[in-house]
Structures are given as structure tokens and as C-alpha cells.
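Beneath this line is the structure, given in C-alpha cells, with notes to follow.
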Amino acid sequence: MKRVITYGTFDLLHYGHINLLRRAKKYGDYLIIALSTDEFNEKKGKHSYFNYEKRKSLLESIRYVDLVIPEKNWEQKVNDVKEYNIDTFVMGDDWKGKFDYLKKDGIDVVYLPRTPKVSTSKIKKDLKLQGK
Ligand code: C2G
């Protein structure tokens, strides 16, 4: 069984996130999402609209997703790939090169093109402009 992992906040879930998860799943049979906790989001300088539990339940309803675990810090990836026997690590290419250090543990590191024209911050900005 090929096991894939990806990391993120996934707030205001949108089709860019789904496109990433659909493509990530193609690299294996089992896809884990390490979901940024509310506390870690603060460290990332993000304040999510939905809290961790709500974001987790949304992700667990997606057919491509097999497991959601908490992402509590930047450093846990090295342990996660060992603990969960990961074969492939997948992220959007806004992170290109940032996680190549995982290759030394024999992990395939894949950066996928982001879906253009959609992001959580754009959704928030556009809604604000519409006064909603
Ligand atoms: N994404 C994408 N296309 C978009 C928006 C997002 O492919 N239009 C991808 C991102 O590249 C990322 C994933 O969807 O791989 C989740 O996006 P975010 O929630 O913004 O993730 P981020 O805050 O970058 O968290 O340790 C890594 C961090 O937790 C990554």
C-alpha cells in the first residue's frame, strides 16, 4: 500500500484544495492530511474562519482522504513520514523546494501546480469588497 501525506490549513474549503487532494491521492492508495491546528495557524500567521474540528470534519467527508491528523508545528514532518510509513509527500508548488530535506529519508517529494485564481484569502477579500 502506497501512503501519501500532505499538510495545510484548508480553511474555507474550495476547489483548489480539492484539486490538490485529488491529484495527491493519485500517488498512492492512502492519503493522510496533517491539518494545521488553530494554535499552529497562529504561528503561521493565519486565523482560520472554521476551527480545527470543523475543518477536520469537512476534510474527512472527501472521498480522497483516508485520515486527518493534527499539524502542530513545522518540525513534525520528519517524524510523521516515519510514524505513518509515508512513501510520497505532496504539497502545492507555492512550497516548491521547502521540504526537499525529506528526500534524504527516501521519501518522494512532489510539488503540484496550484490551482489558479482561487485562495482562501481571495475569497475573504472578495466577500469583504461585496460587503457580505
Ligand atoms: N492549494 C492549491 N491551490 C490553491 C490553493 C491552495 O493547490 N489555489 C494547495 C496549497 O498549495 C497547499 C494546500 O492546497 O498544498 C493547502 O493550502 P493551505 O491551507 O493554504 O496550506 P498552507 O497554509 O500553505 O499550509 O506545513 C505546511 C503548511 O501547513 C502548509
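Details
- Bins of 5 Å, starting at 0 and running to the largest distance - Cα pair percent for region 1-77: 3, 17, 29, 24, 18, 7, 2, 0
- For residue 43, the lysines whose Cα falls under 22 Å of its own Cα, not counting residues fewer than eight places away in the same chain, are 54, 56, 72, 77, 96, 98, 122, 124, 125.
- Peptide packing: for 21-27, 64-70, 7-13, the average count of neighbouring Cβ atoms within 10 Å per residue gives the ranking 7-13, 21-27, 64-70, highest mean first.
- Chymotrypsin sites (Phe, Trp or Tyr not before Pro) lying in DSSP loop within region 72-106, provided at most 16 other Cβ fall within 10 Å: 74, 84
- For the chain: relative contact order, % (alpha-carbon pairs under 8 angstrom, 6 or more apart): 30 percent
- Averaging 1/r over each pair of different alpha-carbon atoms in region 33-96 and inverting the result gives 12.9 Å, the Kirkwood hydrodynamic radius.
- Dividing the helix sum by the residues of the chain, where each DSSP H run of 4 or more adds -39500 (n - 2.57), gives a mean residue ellipticity at 222 nm of -9000 deg cm²/dmol.
- Accessible surface of the chain, 1.4 Å probe, proportion on carbon and sulfur as whole %: 54 percent
- For the chain, the Cα-based Rg and Dmax, in that order, read 14.6, 49 Å.
- For the chain, a simple Cβ point-charge model (Lys and Arg +1, Asp and Glu -1, everything else neutral) yields a dipole of about 620 debye relative to the Cα centre.
- Over all other residues within a Cβ to Cβ distance under 12 Å of residue 18, the charged ones net out to +4, with Lys and Arg as +1 and Asp and Glu as -1.
- Cleavage-rule hits, GluC sites (Glu not before Pro), region 1-102, DSSP coil, Cβ neighbours within 10 Å at most 14: 75
- Relative to the longest principal axis of the Cα atoms of the chain, the long axis of helix 120-129 lies at roughly 0 degrees.
The values are calculated or read from the model by the stated rules, or taken from the named source; none is laboratory data. All of these numbers come straight from a predicted model, not from anything done at the bench. A quick note on method: Cβ atoms are made from the backbone with ideal geometry, for glycine too, and the neighbour counts reach across all protein chains shown. These area figures cover heavy atoms from the full protein model, side chains too; ligands, DNA and RNA do not enter into them. Shrake-Rupley method; radii C 1.70, N 1.55, O 1.52, S 1.80 Å.
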